[in-house]
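**Q** Take a look at this one; I'll ask things after.
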Amino acid sequence: MSLNKRYKRWVQVTILIAIFIVGGFTLADNLFSDDSIPKEGSKAPEFSLPGLDDQQYQLSNYKGKIVVANFWGTYCPPCVSEMPLIQNYYEKYKDKNVQFLAINENDPLVSIKAFIRQYKLTLPVVLDKDVVRREYGVMNYPTTVFINENGKIEMIYEGEMDEPFLSSTLADMTSN
Amino acid sequence: MLHNTKCECGHQNPVGTVLCESCGKPLDDEFGTAPLEMRYDGIARRSQRENPALIDRVWRFFSSVKVAIILIFLTLCASIMGTIYPQENTFLNVDPSVYYEATYGFSGKLYYLLGLSDTYGSWWYKLLLIMIGSSLIICSLDRVLPLYRALSKQQIRKHMSFLVRQRVVYQGQLPATGITAVSFIDGLVPLLKKRGYRVHSDGTALLAEKHRFSRWGPYINHIGLIIFLLAVLMRGLPGWSMDQYTGFLEGVPTQIENTPYYLENEKFTVEYYTEEELPEEFRGQGRAVPKLFQTKAILYECTADCSSDKPDLKQVHQQNIEVNKPLKYKDLLAYQFDFRQTIQIRAVNVSLTDKMSNQTYGPFELNTITPDETYVEGPYVLTLKDYYPEFALNDKGVPFTNSKSPLAPAFIFVIQGPGLAEDGEVFIYFPRDVDKQRFSQDKLNAGIVDKIDIGVGSMQDVSISRFTSYLNIRTDRALPYIFFGGIIFMIGVIMGIYWQHRRIWIRIDDENEITIGAHTSKNWFGIRKELSVILGKAGIVVEPKQLENGVKQA
């Protein structure tokens, strides 16, 4: 009888552990695999995109730096009109621990190159095909994502930025 | 509390036993007369034990059928809630936090805030499924093992009160004087065997039993359900499940996200019913009722340079996709979901004409989505300096593109070659005649236009994408397991529903007094009739109806 009892307990414990593992794994996967759209304050999803200069630009390489990621396209008039401002601030903050990345969405290479020539851009332009855009939940152009030194999203700004906004945001972020 | 669980027949029963496992004597309600509750043969469930520890309490919680029913009911309610508004995953490019409120107002906002917009992917829905699964396993084990034990060592001679409190009962005398109890029993054996019973007898008592396996039906169907549930949960494993919606422009191989596959919508067809084909009530209303949506699809696998503009593609599959006829390739499924008319030039096959010598070079292809940068045709080198998919001029006269769709493409070349300036001369080319007129191509090209022309021979040289076909791309590696679980489930259901576990117990006391009790898992009418036929052949005439417990015997 006691042998039988011990056997039963063994079966119970095994089954409960199995349920716990399967259930725990499923729930943990559900709760922690955060495929929801990142918000201000959440960790910036990692990405690695090819640049126009054939270099690979990886977000995690800029840990300790502030990253300003601007999602744009030549087909988006406000993107076009804010680009000189971004270029200007790229120059200004180049040596101040701020990395600008102009993430182009789906433009033909020729058009991007012509645009860069036309606006005399020197900031790094990287090429995305809706992959990083979707990960960041960007719905409208332009959208600028400010990522702090710890890789957390400090601010997401939709629409054309003006100088006071960009200047104060960067001043705030660099002073912290 | 300590129960004395030893039966008068000497058998030690576990706590919670209702009918003695050995002789069948009712232990709780010894002096009652109502028909016995024969569920699980009156055995104790495993979880019914004294001094339960925590693990026993958890076990007992899940072993309760009441809990199982509540869980199933909750899951049912949740599943219903999930069908009120479209779920998040059915949208292509929508921010759910805004969409629900904007579309459905306050109830939409509430729906989103309660997490019902992703009901089937939510943690609490999965928790419900896991709990149902646990309940299935534990409920089954708690009952099937003791039941198996009880059924595999049944005593032939049952307690008198066990027999007379069955729902099918007969009591009477041996049919003829001179026949002994043993010979009567022996005479019954072949009659029962002929009817498919397995018969065990010990002289003056008999147990006949058939189709015991039907008792395992519910447990087998539970195993099927557990396989089914596990398969559903396995969809959460990476690579096991994918469900996305992608638009495919005609003639442009487009990558299926997170896979090495590219799919090309070679040609999309939509056909409508003609007026004559429509039923009476639809006619004359100008209704367009679609007859066919078809995507002629080619599937490629990327072998190198994936995610670049010019990946190396190898065709692996070709199929026409229609509604409910998805493309199938390995684990990949592509269902027709939607379409949109998106008329645009995909490519033009142009030729370059040297107007002085009337020589024509080419044709060469200008792609409007990913145009190449240089073209060498005869002695001419064309460098594409700029490209605008939808050319327009702003108020300062600066060109820009209105969108990324090639609705009014403009190619700006610098052409080098004989008769042209050494650094090359600019030539602006609009493939569409409307744009040529609107932006006065010849004026823009003043100077070079007398020497060079770029153009197409005929409409044959213009490739047009008329439609974008939206496909639902799916992978479901769990599907075979889901089917397997479903088949096991059906086998269990059929076992439990089609066959009945019938048992007949007979004991003869004092060489003359026959007592018969019979039990079936269902179809009581059937067992009464069967018993009446068998008894009739053995010389006891009794109407099936009289065998019912409580009905007076004639």
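The values are calculated or read from the model by the stated rules, or taken from the named source; none is laboratory data. Please read these numbers as outputs of a predicted model, since none were measured by experiment. Neighbour counts run over all protein chains shown; Cβ positions are idealised from the backbone, glycine included.
**Q** Determine, yes or no, whether B:D305 is surrounded by fewer than 15 Cβ atoms within 10 Å (Cβ to Cβ), of a type in the set (D, E) and in contact (Cβ under 8 Å) with a residue 60 or more places away in the chain.
**A** Details: surrounded by fewer than 15 Cβ atoms within 10 Å (Cβ to Cβ): yes; of a type in the set (D, E): yes; in contact (Cβ under 8 Å) with a residue 60 or more places away in the chain: no.
The answer is no for B:D305.
**Q** Further, regarding this structure: So which residues in segment A:43-62 are outside any strand (DSSP E or B) and of a type in the set (D, E, K, R)?
**A** Of segment A:43-62, the ones outside any strand (DSSP E or B) are A:44-47, A:52-55, A:59-62.
Listed by number, the residues that qualify are A:E46, A:D53, A:D54.
**Q** Now, a different point. Answer yes or no: is there a residue in segment A:95-106 that is closer than 25 Å to B:N394 by Cα, part of a helix (DSSP H, G or I), touching a residue at least 24 places away in the same chain (Cβ under 8 Å) and within 14 Å of chain B (Cβ to nearest Cβ). Walk me through how you get there before you give the answer.
**A** Residues of segment A:95-106 that are closer than 25 Å to B:N394 by Cα, as a first pass: A:102-106.
Now restrict to residues that are part of a helix (DSSP H, G or I): none.
Checked against the condition, which is being closer than 25 Å to B:N394 by Cα, part of a helix (DSSP H, G or I), touching a residue at least 24 places away in the same chain (Cβ under 8 Å) and within 14 Å of chain B (Cβ to nearest Cβ), segment A:95-106 yields no hits at all.
**Q** Search segment B:421-448 for residues being crowded, with 17+ Cβ neighbours inside 10 Å and aliphatic (A, V, I, L, M), and hand back the single one that is nearest to B:Y380 (Cα to Cα).
**A** Looking at residues that are crowded, with 17+ Cβ neighbours inside 10 Å and aliphatic (A, V, I, L, M), I get B:I448.
**Q** Right, something else. Identify all residues within segment A:1-42 that are part of a loop (DSSP other than H, G, I, E, B) and either among the hydrophobic types (A, V, I, L, M, F, W, C) or modelled with pLDDT under 80 (or both); write none if there are none. Break it down into steps so the answer makes sense when it comes.
**A** Let us first name the residues in segment A:1-42 that are part of a loop (DSSP other than H, G, I, E, B), namely A:1, A:33-42.
If the condition is that a residue be part of a loop (DSSP other than H, G, I, E, B) and either among the hydrophobic types (A, V, I, L, M, F, W, C) or modelled with pLDDT under 80 (or both), then A:M1, A:S33, A:D34, A:D35, A:S36, A:I37 are the ones that fit.
**Q** Being within 37 Å of the chain's Cα centre (by Cα) and at pLDDT 75 or above is the filter here; which residues of segment B:45-55 pass it?
**A** Within segment B:45-55, B:R45, B:L54, B:I55 meet the criteria.
**Q** So which residues in segment B:293-333 are assigned to a strand (DSSP E or B) and within 14 Å of chain A (Cβ to nearest Cβ), if there are any at all? Spell out how you get there, then give the answer.
**A** Step one: list which residues in segment B:293-333 are assigned to a strand (DSSP E or B), which gives B:293-304, B:312-322, B:325, B:327-329, B:332-333.
Result: B:C302, single match.
**Q** Tell me, please, whether a residue that is part of a helix (DSSP H, G or I) and either among the aromatic types (F, W, Y) or touching a residue at least 12 places away in the same chain (Cβ under 8 Å) (or both) can be found in segment B:279-289. Before you say what the answer is, go through the steps one by one.
**A** We begin by selecting, within segment B:279-289, every residue part of a helix (DSSP H, G or I); these are B:280-282.
So of that shortlist, the ones also either among the aromatic types (F, W, Y) or touching a residue at least 12 places away in the same chain (Cβ under 8 Å) (or both) come out as B:282.
Yes, that holds for at least one residue.
**Q** Can you name every residue in segment B:232-251 that is at pLDDT 90 or above and outside any strand (DSSP E or B)?
**A** Selection gives B:G251 alone.
**Q** If I go through segment B:128-172 residue by residue, how many of them are of a type outside the set (S, T, Y) and farther than 30 Å from B:G539 by Cα?
**A** So the answer is 21.
**Q** If the Cβ limit is 6 Å and pairs must be 6+ apart or interchain, which residue in segment A:108-133 that is more than 9 Å from every other protein chain (Cβ to nearest Cβ) and under 23 Å from B:F413 (Cβ atoms) pairs with which residue that is among the polar types (S, T, N, Q) and part of a helix (DSSP H, G or I)?
**A** Hits for this filter: A:L121/A:Q87.
**Q** Now for a different question. When only residues in segment A:150-161 that are buried (at least 17 other Cβ atoms within 10 Å of the Cβ) and assigned to a loop (DSSP other than H, G, I, E, B) count, which is farthest from the other protein chains (Cβ to nearest Cβ)?
**A** A:G151
Rundown of residues vs (1) touching a Ser or Thr at 6+ places or on another chain (Cβ under 6 Å); (2) under 19 Å from B:V348 (Cβ atoms); (3) touching a residue at least 40 places away in the same chain (Cβ under 8 Å), yes/no style:
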| site | (1), (2), (3) |
| --- | --- |
| B:E390 | yes, yes, no |
| B:N394 | no, no, no |
| B:G397 | no, no, no |
| B:S405 | no, yes, yes |
| B:A408 | no, yes, no |
| B:P418 | no, no, yes |
| B:D423 | no, no, no |
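**Q** Report, by residue number, each residue of segment B:350-396 that is within 14 Å of another protein chain (Cβ to nearest Cβ) and of a type in the set (K, R).
**A** Correct list: B:K385, B:K396.
**Q** In segment B:338-413, which strands (runs of 3 or more DSSP E) lie fully inside it and hold 3 or more residues that are more than 51 Å from the chain's Cα centre (by Cα)? I'd like the intermediate steps shown before the answer.
**A** Details: elements: B:359-367, B:374-377, B:380-388, B:391-393, B:399-401.
Output list reads B:359-367, B:374-377, B:380-388.
**Q** Report, by residue number, each residue of segment B:62-94 that is within 14 Å of chain A (Cβ to nearest Cβ) and surrounded by 15 or more Cβ atoms within 10 Å (Cβ to Cβ). Can you show your working first?
**A** Within segment B:62-94, the subset within 14 Å of chain A (Cβ to nearest Cβ) is B:62-63, B:71, B:88-89, B:91-94.
Hits for segment B:62-94 are B:F62, B:S63, B:L71, B:E88, B:V94.
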